[in-house]
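> Shown below is the structure under consideration.
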């Protein structure tokens with residue numbers, strides 16, 4: 001498959017996924033879904049721009065232009081996100097987000113694991129989730145999944 005054709009297929013696939021998310025976000029006609037609807041519209045705009053850029057003729061793509069995907073650094077994040085989806089309904093959005101953010105800071109930190117870094121990572125995760133709570137729950141009034149913790 002040529003490079004341009006592959007990029008066009010990727011762009012069209014992204015547009016289809018964004019359109020599906022937009023349809024799903026507008027299906028429940030319940031108050032409190034404004035933020036997912038805004039995010040879906042933003043994804044549709046970004047995907048449409050990606051399709052337009054993929055359709056514009058350019059110079060031929062060579063293997064030198066392609067960046068390899070660093071799968072060794074991506075797999076831990078994918079596992080954390082999969083675990084996040086599994087546990088979120090039981091623990092709650094904010095508790096699970098705290099755990100996920102803490103794990104991400106510990107795994108992707110350039111230093112080896114030590115207690116001082118773990119305490120600092122937990123403090124940063126707590127501060128980050130506190131700001132998220134204020135923005136999403138109190139200001140935007142977004143409904144988040146609740147669980148046994150929060």
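> From the helices alone, meaning DSSP H stretches of at least four residues, give me the mean residue ellipticity at 222 nm for the chain, per-run term -39500 (n - 2.57), in deg cm²/dmol to the nearest 500.
On the way: 5 runs with 101 residues, N = 150.
Per the formula, -23000 deg cm²/dmol.
> Right, another one. With springs only between Cα atoms under 10 Å, which of 88, 44, 27 fluctuates most in a Gaussian network model of the chain?
27
> Where does helix 115-133 land angle-wise versus the long Cα axis of the chain, in degrees 0 to 90, nearest 10?
80
> A further question follows. Kindly identify segment 71-139 as rounded, prolate or oblate by the Cα gyration tensor criterion: order the square roots of the eigenvalues as a ≥ b ≥ c, call it rounded if a/c is under 1.5, otherwise compare a/b with b/c, prolate if a/b is larger, else oblate.
The shape class here is oblate.
> While we're on this one: Using only Cα atoms, find the angle between the long axis of helix 71-91 and the longest principal axis of the chain, and express it within 0 to 90 degrees, rounded to the nearest 10.
Between helix and principal axis, roughly 50 degrees.
> Between residue 134 and residue 90, what length comes free when the chain is fully extended (0.36 nm per residue of separation minus the Cα-Cα distance, one decimal in nm)?
13.7 nm
> How tilted is helix 93-107 with respect to the longest principal axis of the chain? Cα atoms for both, answer in degrees (0 to 90, nearest 10).
Approximately 70 degrees, to the nearest ten.
Read-outs throughout are calculated quantities, based only on the coordinates presented, and are distinct from any laboratory measurement. Computed from a predicted structure; not experimentally measured.
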